[in-house]
1. Can you tell me which residue among Arg383, Arg409 is closer than 30 Å to Thr32 by Cβ, modelled with pLDDT of 95 or more and assigned to a helix (DSSP H, G or I)?
2. Look through the stretch 27-49, keep the residues that are in contact (Cβ under 8 Å) with a residue 24 or more places away in the chain and more than 15 Å from ligand 2 (Cβ to nearest atom), and return whichever of them is nearest to Leu86 (Cα to Cα).
3. Of the conditions (1) more than 20 Å from Leu205 (Cβ to Cβ); (2) over 20 Å from the mean Cα position of the chain (by Cα), Gly429 satisfies every one except a single condition; which number is it?
4. Determine the pairs where a residue that is within 16 Å of Val297 (Cα to Cα), located within the stretch 333-348, has a partner that is of a type in the set (Ser, Thr, Tyr) with Cβ atoms under 7 Å apart, the partner being 6 or more residues away or on another chain.
5. Of the conditions (1) more than 22 Å from Thr394 (Cβ to Cβ); (2) under 21 Å from the mean Cα position of the chain (by Cα); (3) of a type in the set (D, E, K, R), Asp202 satisfies every one except a single condition; which number is it?
6. Just give me the residues in the stretch 225-264 being at pLDDT 95 or above, part of a loop (DSSP other than H, G, I, E, B) and not acidic (Asp, Glu), in sequence order.
7. Looking at Leu5, Leu13, Leu23, which is the one that is farther than 30 Å from Arg379 by Cα, within 12 Å of ligand 2 (Cβ to nearest atom) and open to solvent by less than 20 Å² (accessible area, probe 1.4 Å)?
8. Could you tell me how many of the residues in the stretch 266-323 are basic (Lys, Arg), under 26 Å from Arg213 (Cβ atoms), surrounded by 15 or more Cβ atoms within 10 Å (Cβ to Cβ) and in contact with a Pro (Cβ under 8 Å, 6 or more places away or on another chain)?
Amino acid sequence: MAHRLQALDYSVLQQCMHCGLCLPTCPTYDATKLERNSPRGRIALMRAIADGQMEATRVFADEMYFCLGCLACMTACPAGVNYAELFENARAEAEESGVLRRPARDLLRAATLRWLFTDLRRLQMAARAIRLWQETGAQALLRRSGLLALAPKRWRELEAMTPEIRAQFSAELIAPVTPAAGLKKARVALLTGCAQDAMFSDVNLDTAEVLARNGCEVITPPEQNCCGSLHAHNGDLETARTLARRNIDQFPPEQYDAIITNAGGCGSHLKHYARLLSDDSAYRARAELWDTRVKDVHEWLAGGGWEAPVARPGPTRTVAYHESCHLRHGQKIFAAPRQILKAIPNVTLAELPESDWCCGSAGIYNLLQPEMAGQLLERKLDRIAATGASIVATANPGCLAWMATGLRRRGMAIRLAHPITLLAEAYRGS
Ligand code: SF4
Ligand code: SF4
């Protein structure tokens, strides 16, 4: 079988000069101090496979899944190593080698990656079931009953992670066309996401309102697709490619000034469809145009001029900003969300120490690697507590849901909010 890492442009692998400057920024290396748990060590393993010196083994596959994919190493790297591309191909190599195959795992991957997350209607069906469980009070009753104490630890952990499903999905909240308030400056498409749609449809509504307030006509088709980041980061590049083609067909990039995302993790993946479809002659050119059109909402607002909210009397709130890894390290966006937060009346922005250190959510890392993810969450909550903030702002659904789990467990009365929600509230005067 052809190796994915052997097929990869060798210059990407060769770029690492083993300087080690990325090591202090790597959360897994920080935890273990083992070279193989570092970016440099992982790249060496990948290169050994590409050079034909090593086969993909179970140890290799486990190492690739111990990596968070947080991309902090990319920000630190002076040689410009494209770790994002290496990471995706290494996980695909791990999957395609078959070393991780087990019937239960194969079934779970088929049910989630290829069935649930390839059709928004199926995902909404699952979300409705969870919503029913929550709205009827069954979840609260179970949590109060003490019965969970009898369940295995892993079950209790998974139950605690059940995301809160919003009462309505994005399509029930946002019109397919939201006209610009005042002079129309741009026509944009709004991506409402898959998990984002189920857990944070209110953030999508806030995003549509904020964009319209800043001169955008916002097109929000009711039926959308997953961006495919979940698939690309978990070794299923073929499904990621299928979803990329579907998104390009649904949102023809020629028709929009921008294609807007408010989820850091999705945005980082959405901006690289050209890389994903580089060998697809039918889509390559459109994917290249697509990449130039995709904008994170903070980036778009900061780049196009936006209206600061009017100051009103009210209590001062201290907000700490946690940076989603893929917004900070994947998309290199760090100033724009802070600018927006600082412009919100009655908000004091408290600098969060290690604001760009992963919280452990990392896609589905918290499901696959609960121990490491839990350590990172505790570390993040300690840093948050030290700021004295009453609100933590962050721009990624995974971080929001994961930190909500931790705050609940610790009994910390801190609100979590997307920066755009705080901006939308300021515009509304609430
Ligand atoms: S992506 Fe994150 S966890 Fe993985 S090697 Fe880079 S810094 Fe370490
Ligand atoms: S900083 Fe870059 S070049 Fe240096 S070891 Fe890490 S990945 Fe390699």
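1. Arg383
2. In this case the residue turns out to be Ile49.
3. That leaves (1) as the condition not met.
4. As it stands, the answer is Pro337/Tyr321; Arg338/Tyr321; Leu341/Tyr321, since those pairs meet every condition given.
5. Of the numbered conditions (1) more than 22 Å from Thr394 (Cβ to Cβ); (2) under 21 Å from the mean Cα position of the chain (by Cα); (3) of a type in the set (D, E, K, R), the odd one out for Asp202 is (1).
6. The answer is Cys226, Cys227, Gly228, His233, Asn234, Gly235, Phe251, Pro252, Tyr256, Asn262, Ala263.
7. Criteria check complete, one pass: Leu13.
8. Looking only at that region, the number is 1.
The values are calculated or read from the model by the stated rules, or taken from the named source; none is laboratory data. Source: prediction; values computed, not measured. No Cβ is skipped: glycine too gets one built from the backbone with ideal geometry, and neighbour counts run over all protein chains shown. For the accessible areas, the whole protein counts, side chains as well, though only heavy atoms, and no ligand, DNA or RNA atoms are used. Shrake-Rupley method; radii C 1.70, N 1.55, O 1.52, S 1.80 Å.
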